[in-house]
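Undergrad: I'd like to ask you about the structure that follows.
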Amino acid sequence: MTKLKVGTAAVNITPYAGINMTGFGNRVKPSEGIHDDLYAKAVVFYDGQIKICLVSCDLLNLDESSVSSIRNKVKNMTDIDVENVFISTTHTHSGPQVSPLRGFGKLDRQWVSILEKKIAGAVSIANRNMVDAQLGAGIGHVEINVNRRQRQDDRVILGVNPAGAIDYQVGIIKIQDTQDKNICTMVNYACHPVVMGGDNYLISRDYPGYAMDFVENANGENSIAMFFNGMTGDLNPARRGTFEDAASLGKVLGAEVVKVSEAIQTSPDVEIKTTKEIVKLNSGQLPSKEELKAIIDRRKQEINQTEHDMEREITLTWARDALTMVKKVKLAAKVPVEVQVIKLGDIGIVGIPGEVFVDIGLSIKKDSPFNHTFVTGYTNGCIGYMPTQKAFQEGGYETHSAYMLYGIYPVDQNVANKIIKTSLKLMQRLSN
């Protein structure tokens, strides 16, 4: 077996002050400044047979068209096949608008085009920085997240649910050169980066930025730390409100990563494999023409009586778009989503393009054939929330209204079973 080679790179992708932000519908103006820089960080692996790259971007999301554009640019700039490119976002809610979500103002497509080139450029740089390397994995434990689906009377609100499912596991991949110098640390943890709320108008990575800075400072010069968010669909930070809170939570996570990393043993004997599959989701059905017209009339009246209500404005825009589809007799849709799995020795990495509920990730980890399993959301796109069947029965923001931000059609209520089944099938294929 050829010894492992790894290359890394970090490229600044901070936008200009004044760009529209995304993540919270209650913002009423563009960004006002830069609190901390955003990055696209890339790591390329080569075992003599297969070359793959994983990218982590400090962004809310990337849509399917941007992912395709970046992959094609990587193919043109390197010897990495488009099928072997894994692109994830940290899901910061204090970042720039990068896809045409409803309710967040006009998308600066010219800037998005530059962004795509920068992300592909990070992969190209990493591909030119290949060195002999070794890697290993470990698991930490951090309790800085909470389940947010709180039951209040007969409904579910965004709050705190102490009895809800949770995942405190921190997945860590440690990569060193042949002189045992740390060159890259990959971190997988599940928690929405929403310490900073909709009243923040400064561009920021939120708590993951502080965590990765802590790890990089501990590991020394020319070492990068990459954050891959987990199954955060129903998980929020335990503390919210200020940059001091974000720094505190980030340092707790970063310190655990550094502590666990010290005990991780690395090896150059790493077999690389990758596979993917398109899962076909069946959307829910749209309301009737009459129901949509009633929603439009009601929202118009409500908006006329208020100064600014983004939720009503989003619903109004969605209802108009949905009515157009209903008039074309397109009451439902097939929604293709890509699940990608990578094998790095005894490590399995699963990438899912959505805001996935934590129970889905826990199920995948529990039945995984790998010694270490890292499950990442917001990867190779993001179609919106992927709740469990139980959550659909309970209702709430993620199941009954959030899809209006991302698209037109309600989410497939069997999405959890389809994602779990496909992920486990692909992991089993690579582990054999």
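The values are calculated or read from the model by the stated rules, or taken from the named source; none is laboratory data. Here the structure is a predicted model, which means the values were calculated and not measured. For neighbour counting, all protein chains shown are included, and Cβ atoms are generated from backbone atoms with ideal geometry for every residue, glycine included.
Undergrad: Can LYS251 be described as in a helix (DSSP H, G or I) and touching a Phe, Trp or Tyr at 6+ places or on another chain (Cβ under 8 Å)?
TA: Yes, satisfied.
Undergrad: Next up: Examine the stretch 202-214 for a residue that is surrounded by fewer than 19 Cβ atoms within 10 Å (Cβ to Cβ) and closer than 24 Å to ARG27 by Cα, and state whether such a residue exists.
TA: The answer is yes; a qualifying residue exists.
Undergrad: Still on this structure: Quick one: would you say SER261 is farther than 24 Å from TYR397 by Cα and under 26 Å from the mean Cα position of the chain (by Cα)?
TA: Values: farther than 24 Å from TYR397 by Cα: yes; under 26 Å from the mean Cα position of the chain (by Cα): yes.
Yes; evaluated as a whole, the condition is true for this residue.
Undergrad: Pick from LYS327, LYS334, LYS259: which is basic (Lys, Arg) and within 30 Å of VAL215 (Cα to Cα)?
TA: LYS259
Undergrad: A follow-up question, please. Any residue at all in the stretch 28-36 that is assigned by TED's automatic domain parsing to the domain that holds MET226, within 21 Å of the chain's Cα centre (by Cα) and free of Cβ contacts under 8 Å to residues at least 24 places away in the same chain?
TA: For the stretch 28-36, residues assigned by TED's automatic domain parsing to the domain that holds MET226, within 21 Å of the chain's Cα centre (by Cα) and free of Cβ contacts under 8 Å to residues at least 24 places away in the same chain: absent.
Undergrad: Collect the residues in the stretch 324-344 that are free of Cβ contacts under 8 Å to residues at least 60 places away in the same chain, more than 30 Å from PHE45 (Cα to Cα) and not in a loop (DSSP other than H, G, I, E, B), keeping them in residue-number order.
TA: THR324, VAL326, LYS327, LYS334
Undergrad: What's the number of the only condition in (1) surrounded by fewer than 24 Cβ atoms within 10 Å (Cβ to Cβ); (2) in a loop (DSSP other than H, G, I, E, B); (3) out of contact with any strand residue (DSSP E or B) (no Cβ under 6 Å at 6 or more places or on another chain) that LEU60 fails to meet?
TA: Of (1) surrounded by fewer than 24 Cβ atoms within 10 Å (Cβ to Cβ); (2) in a loop (DSSP other than H, G, I, E, B); (3) out of contact with any strand residue (DSSP E or B) (no Cβ under 6 Å at 6 or more places or on another chain), only one is false for LEU60: (1).
Undergrad: Report whether or not LYS51 is touching a residue at least 12 places away in the same chain (Cβ under 8 Å) and charged (D, E, K, R).
TA: Values: touching a residue at least 12 places away in the same chain (Cβ under 8 Å): yes; charged (D, E, K, R): yes.
In short, yes.
Undergrad: Identify, from the list LEU405, LEU430, the residue that is touching a Leu at 6+ places or on another chain (Cβ under 6 Å) and of a type outside the set (D, E, K, R).
TA: Exactly one residue qualifies, and that residue is LEU405.
Undergrad: Quick one: count up the residues across the stretch 100-146 that are free of Cβ contacts under 8 Å to residues at least 40 places away in the same chain and either basic (Lys, Arg) or touching a strand residue (DSSP E or B) at 6+ places or on another chain (Cβ under 7 Å) (or both).
TA: Counting residues in the stretch 100-146 that are free of Cβ contacts under 8 Å to residues at least 40 places away in the same chain and either basic (Lys, Arg) or touching a strand residue (DSSP E or B) at 6+ places or on another chain (Cβ under 7 Å) (or both) gives 1.
Undergrad: Separate question: Kindly indicate which of THR232, THR242 is in the same structural domain as ASN129 (by TED's automatic domain parsing), crowded, with 20+ Cβ neighbours inside 10 Å and of a type in the set (Val, Ile, Thr).
TA: THR232
Undergrad: If we keep just the residues of the stretch 345-368 that are in a strand (DSSP E or B) and not β-branched (Val, Ile, Thr), which is farthest from ILE272 (Cα to Cα)?
TA: So the first thing to find is which residues in the stretch 345-368 are in a strand (DSSP E or B), and the list is 347-351, 355-356.
After this cut, where a residue has to be not β-branched (Val, Ile, Thr) as well, the list is 348, 351, 355.
Values: GLY348: 10, GLY351: 16, GLU355: 27 Å.
Here the answer is GLU355.
Undergrad: Can you name the residue in the stretch 298-323 that is in contact (Cβ under 8 Å) with a residue 24 or more places away in the chain and either of a type in the set (Asp, Glu) or outside any helix (DSSP H, G or I) (or both) and is also surrounded by the fewest Cβ atoms within 10 Å (Cβ to Cβ) among such residues?
TA: The extreme case among them is HIS308.
Undergrad: Checking the condition more than 21 Å from the chain's Cα centre (by Cα) and at positive phi, which residue from ASP153, ASP81 passes?
TA: It is ASP153.
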